[in-house]
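Working notes, beginning with the structure itself.
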Amino acid sequence: MTITIALSAQDIPINYDESKIPRYTLPDPLQTKDGKHITTSQQWEKQQGPVMLKLFADNVYGRMPGKPRNMRFKVFDVDSNAFQGKAIRKQVTIYFSSGTDAPSMDVLLYLPKTINKPVPVFMGLNFYGNQTINADTGIHLSTRWVMNDEKLGLINNRATEASRGKDAGKWAVEEIIDRGYGLATAYYGDLEPDHPDGWKTGIRTTMKTELSIDENEWAAIGAWAWGLSRMMDYLQTDAAVDASKVVITGHSRLGKACLWAAANDQRFAIVVSNDSGEGGAALSRRWFGETIERINTSFPHWFVAAYKMYNNHPELLPVDQHILLGLMAPRPLYVASAADDAWADPKGEFLSAKNAEPVYALFGKQGLGVTDMPAVDHAVGETIRYHIRTGKHDFTSYDWQQYLDFADKQFAH
Ligand code: GTR
C-alpha cells in the first residue's frame, strides 16, 4: 500500500465528472468475515451489526464511551410564554461530572404548549451557539470558543449579542412547534471546539479519566456524537417529552455526528441526515466531490488516525457509508441532499441509502423503492426516504417540512 501525502488541501484531486469515476465495489453489509451470508434480523442485531459498528469505531470514528457516572442536570431557565405564549422554553445544563466547574453542555428546549401529553422531539447540534438559532432574547448567550465570523456576530472567537438569531434560517422552530413537536439543540463547541487543538479544552481531555478513554481513541465527530446521547439522557428524564419519539438530525458535519450517534444509540427513533456528505451519508469509494484524503487534510481532528490510512485507498476500507446507514435499521431513516451541493456528492448519498436497503429488508422494511435518483424536490421511499432539494448546501424550511411529514407518518404507524 502506498500512502502519498498531499502538501495542502488544494493539491488533492477532486472530481466532478461522472464519466471519470473509476469502477468500485461496495462491501456487502450482509457478508460476514468468514464468507457467510446474514439472512435474519436476529443475526444482524446479534452478530453482524456489532461487528460492523466496531469496524467503524476502529477505522473511522473511534471508540464511543458510555454515560458518565456522575452526570447531573440543572434546569436554569423555564419560560412558559415563548413565541407569544405558544411554547415553553427550557434551558438545561448537563454537567458531565460532579463539582461546580464540571465539563458541561447547555441544552435549549422548546415544547409546544397546546399539547397535554408528552411530545415527540426533534434534536440536533447547532454550529454557533444556542442563541443563533432564534432571535428569542431569553436564550443564554454562549460564552464558549466559536469560529470567527463577523457577519454572524462572532468576534475574537466569542459570540456577541449581535449573533442572536443569525442562524435562524436553519431552524424552523415555530413550524416545528406548530406541528406538535418539541425541539432540543445544543452548541457542538460545548463538547469540542472545532479546530485541530480543540481536543485540548474539550471533553476528550476534560472527561478523559472519568470516561476511561485516551484522547486518541476517538475524535471530534465522536465527541459531538457522544453529546447527542447525553442530550437524550436528559430528554428521558423530562416528563414533557416522549423519549420514545425522538428524531435525531444534523446538517453537514453535524449530520455526520448525528449518524454516528444513532449508529451507537438505539434510543433515537428516527434518523435524519441533512447534506452530511463525506464521512456522513455519502459513499467514500465513489470518487466525486470531497474525498477521505481531503477531509482528513482539512479537518485532521474529525476522525481517528487510522482513517488516514485510507486517504488514497478508500477501496481498502472494510466498510463504506451505506453500512453506517444500515446500522440505523430498522428505524426510519431520511437522507437528504441539495442539487447545488456537489461537494457532498448527492448521488453518492442516494446510492448509499439505496445500498442500505438489504439490511432494512432483513426486518421486512421497504427502502427507497426506486433504482434511479428522483427529480429535485421529489421525495421517495418508505422506511428509508430520500430527497434532493433545489438549492445549495443548507438546512431549509423545505427540508424541515419533509422531515416533519416523515415523522408524522412514521409515528402514526
Ligand atoms: C465542509 C466539509 C464538509 C462539511 C461542511 C460543513 O467544509 O468539507 O465535509 O462537513 O464543511 O460542515 O458545513
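Applying the criterion of being among the aliphatic types (A, V, I, L, M) and in contact with a strand residue (DSSP E or B) (Cβ under 8 Å, 6 or more places away or on another chain) to the residues of the stretch 244-267, the residue that is farthest from the ligand (Cβ to nearest atom) is V246. Considering the stretch 287-326, and only residues there that are under 18 Å from A338 (Cβ atoms) and open to solvent by 10 Å² or more (accessible area, probe 1.4 Å), the residue that is farthest from the ligand (Cβ to nearest atom) turns out to be F288. Counting the residues of the stretch 92-144 that are among the acidic types (D, E) and surrounded by 21 or more Cβ atoms within 10 Å (Cβ to Cβ) gives 1. When each of L327, L316, L333 is tested for being at pLDDT 95 or above and more than 21 Å from the chain's Cα centre (by Cα), the lone residue that passes is L316. Within the stretch 37-52, the set of residues being more than 12 Å from V319 (Cβ to Cβ), open to solvent by 20 Å² or more (accessible area, probe 1.4 Å) and outside any strand (DSSP E or B) comprises T39, T40, S41, Q42, Q43, E45, K46, Q47, P50.
Residues are listed down the side, and each one gets a yes or a no for (1) open to solvent by 10 Å² or more (accessible area, probe 1.4 Å); (2) closer than 16 Å to N274 by Cα; (3) touching a helix residue (DSSP H, G or I) at 6+ places or on another chain (Cβ under 6 Å):
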residue	(1), (2), (3)
P330	yes, no, no
D345	no, yes, no
A356	no, no, yes
V380	yes, yes, no
D394	yes, yes, no
D408	yes, no, no
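Being out of contact with any His (no Cβ under 7 Å at 6 or more places or on another chain), open to solvent by less than 10 Å² (accessible area, probe 1.4 Å) and within 16 Å of G62 (Cβ to Cβ) is not true of V271. All of (1) more than 30 Å from I176 (Cα to Cα); (2) away from the ligand (no atom under 16 Å from the Cβ) hold for S284 with one exception: (2).
Consider N216 carefully, then state whether it is touching a helix residue (DSSP H, G or I) at 6+ places or on another chain (Cβ under 9 Å), in a helix (DSSP H, G or I) and open to solvent by 10 Å² or more (accessible area, probe 1.4 Å). So N216 fits the description; yes. Filtering K113, K117 for residues that are away from the ligand (no atom under 16 Å from the Cβ), of a type in the set (K, R) and without any contact (Cβ under 8 Å) to a residue 60 or more places away in the chain leaves a single hit, K113. In the stretch 270-290, the residues that are acidic (D, E) reach residues that are more than 8 Å from the ligand (Cβ to nearest atom) and in a loop (DSSP other than H, G, I, E, B) with C-beta atoms within less than 6 angstrom, at least six apart or across chains, in these pairs: D275/D341. For the stretch 268-281: of the residues being in contact with a Gly (Cβ under 9 Å, 6 or more places away or on another chain) and in a loop (DSSP other than H, G, I, E, B), which is farthest from the ligand (Cβ to nearest atom)? Going through the qualifying residues, I end up with A281.
All told, E349 falls short of being touching a strand residue (DSSP E or B) at 6+ places or on another chain (Cβ under 8 Å), surrounded by fewer than 23 Cβ atoms within 10 Å (Cβ to Cβ) and closer than 24 Å to W44 by Cβ. Could you say whether any residue in the stretch 165-182 is of a type in the set (K, R), open to solvent by 60 Å² or more (accessible area, probe 1.4 Å) and in a loop (DSSP other than H, G, I, E, B)? Yes: the stretch 165-182 contains one or more residues that are of a type in the set (K, R), open to solvent by 60 Å² or more (accessible area, probe 1.4 Å) and in a loop (DSSP other than H, G, I, E, B).
Do we find a residue being modelled with pLDDT of 95 or more and more than 24 Å from G66 (Cβ to Cβ) anywhere in the stretch 198-219? Among the residues of the stretch 198-219, not one is modelled with pLDDT of 95 or more and more than 24 Å from G66 (Cβ to Cβ), which makes the answer no.
The single residue among D79, D34 that is open to solvent by 80 Å² or more (accessible area, probe 1.4 Å) and of a type in the set (D, E) turns out to be D34. Applying a threshold of 7 Å to beta carbon distances and a minimum spacing of six or more residues, or different chains, the list of pairs starting in the stretch 229-252 at a residue that is part of a loop (DSSP other than H, G, I, E, B) and ending at one that is acidic (D, E) and within 16 Å of the ligand (Cβ to nearest atom) reads S252/D275.
Somewhere in the stretch 316-331, is a residue over 18 Å from F56 (Cα atoms) and of a type in the set (D, E, K, R)? Yes, there is a match, as at least one residue in the stretch 316-331 is over 18 Å from F56 (Cα atoms) and of a type in the set (D, E, K, R). Scanning the stretch 124-156 for residues that are among the basic types (K, R) and more than 23 Å from the chain's Cα centre (by Cα) gives a single hit, K151.
Applying a threshold of 8 Å to beta carbon distances and a minimum spacing of six or more residues, or different chains, the list of pairs starting in the stretch 199-222 at a residue that is over 15 Å from G189 (Cβ atoms) and ending at one that is assigned to a helix (DSSP H, G or I) and among the β-branched types (V, I, T) reads L211/I203; E215/T205.
Scanning for something within 19 Å of K256 (Cβ to Cβ), of a type in the set (S, T, N, Q) and within 16 Å of the ligand (Cβ to nearest atom), does the stretch 353-365 turn up at least one residue? No, every residue in the stretch 353-365 fails to be within 19 Å of K256 (Cβ to Cβ), of a type in the set (S, T, N, Q) and within 16 Å of the ligand (Cβ to nearest atom).
The values are calculated or read from the model by the stated rules, or taken from the named source; none is laboratory data. In this text, all values refer to a predicted model and were calculated from it rather than measured experimentally. As a convention, Cβ positions derive from the backbone with ideal geometry for all residues, glycine included, and neighbour counts pool all protein chains shown. In case anyone asks, the SASA skips ligands and DNA or RNA and just uses the protein heavy atoms, side chains included. Shrake-Rupley method; radii C 1.70, N 1.55, O 1.52, S 1.80 Å.
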